[in-house]
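Structure record follows, encoded as structure tokens.
Each reported figure results from applying straightforward, stated rules to the coordinates on display, with no laboratory input. This one's a predicted model, so the numbers in the text were calculated from it and none came from an experiment. Please note: Cβ atoms are built from the backbone with ideal geometry, for glycine as well, and neighbour counts cover all protein chains shown.
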Amino acid sequence: MKSQTLTRQEDVQQRLTGTIIGRIVGELVNPITVLNSNLQIIHEQKEFVRESASAEALDLCRDAMSELMVFLDRFAVIGRLRRREIEVKERCFDLENFLEQIKNKLEQIPSYKRRVVLSVSKDIGNFKGDEFLLFWVIVSLLDNALKFSYGDVYLEAYVDEESLWIKVKDAGIGIDMEDKPRIFDLFHRGKNAEYLPGEGIGLAIVVEALKLLKGKVYVDSDRNVSTSFKVKLPYECADKNIDHR
């Protein structure tokens, strides 16, 4: 009975957190969108900016705004997940192409200085799942790895008899033992990551999204060597009715 009471309390707390986040996002969306649109217009007229210092300042503003828009997207997603507003919508899609698109998108972000090395097992074929939720799981893990890695980040996908495994491995600062129990908590930041960019949202998104996907995540980390996250998902391969968009 006590366990059920705690579970209900946790659910109420999570929904309340999601509602608060939703209201904050709602207040920020309009002004940030206006700023971003106007920066884009100015950027398109960049050739008329005579002084190189002004042009450089414009580029810095545009990069900062892009990062802010990404943060706002993450903030909105964790809010929707906490409020239980996202419905699972499964369909069959080409997993390798899906991962390749994510890889290419992230490698175009200026603040990421590392490459993503993608490896997909040939026996995967097509995957049946929710693209939106899986997108946020993988992007969140890659974002985490790209921030903390001193070298290339490895993204690997393979299958066993009943499961799809997606592994993200970096060569970075690792995770302190005392931080491991809390790394998936919303807004938690490890002691050895306090000086690095981040807001403590990505891994919370991973856990919440995997609840809907009926998946699990495992972490293995060596301090100042590497960290790897392995996601396990129910695997169903279907060759019919594939959407190749």
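Around Gly151, under 11 Å between beta carbons, what's the net of Lys plus Arg minus Asp minus Glu among the other residues? Don't skip to the answer; put the middle values down first.
Values: positive: Lys113, Arg114, Arg115, Lys169; negative: Asp152, Asp170.
With Lys, Arg at +1 and Asp, Glu at -1, the net is +2.
Compute the distance from the alpha-carbon center of the range 86-144 to that of the range 199-225, in whole Å.
One Cα centre to the other: 15 Å.
Quick one: which of 143-154, 102-113 comes out on top by average Cβ neighbours within 10 Å, and what's the full order, highest first? Could the numbers behind the result be given before it?
On the way: 143-154: 20.3, 102-113: 13.7.
Sorting 143-154, 102-113 by mean packing, highest first, produces 143-154, 102-113.
Going by how many other beta carbons lie within 10 Å of each one, how would you line up Val219, Val225, fewest first? Before the final figure, lay out each step's value.
Values: Val219 14, Val225 11.
Exposure proxy ranking, most exposed first: Val225, Val219.
Given a cut-off of 20 Å, name the pairs among Lys191/Lys214; Lys103/Lys147; Lys128/Lys216; Lys147/Lys232 whose C-alpha atoms lie farther apart than that in the structure shown. Walk me through the numbers before you get to the answer.
Details: Lys191/Lys214 31 Å; Lys103/Lys147 15 Å; Lys128/Lys216 17 Å; Lys147/Lys232 23 Å.
Correct reply: Lys191/Lys214; Lys147/Lys232.
Can you compute the label reach from Tyr218? Point 7 Å from Cα along the Cβ direction, backbone N cut-off under 19 Å, restricted to the range 128-154.
138, 141-142, 154
Regarding the range 91-234, what whole-number volume in Å³ per residue does the convex hull of its Cα atoms give?
Values: hull volume 14.9 nm³, N = 144.
Cα convex hull per residue, to the nearest whole number: 104 Å³.
Of Thr227, Thr33, how do they rank once you tally other Cβ atoms within 10 Å and put the fewest first?
Values: Thr227 23, Thr33 12.
Exposure proxy ranking, most exposed first: Thr33, Thr227.
Rank these for me by crowding, Trp136, Trp165, going from fewest to most other beta carbons within 10 Å.
On the way: Trp136 22, Trp165 17.
The order, fewest Cβ neighbours first, is Trp165, Trp136.
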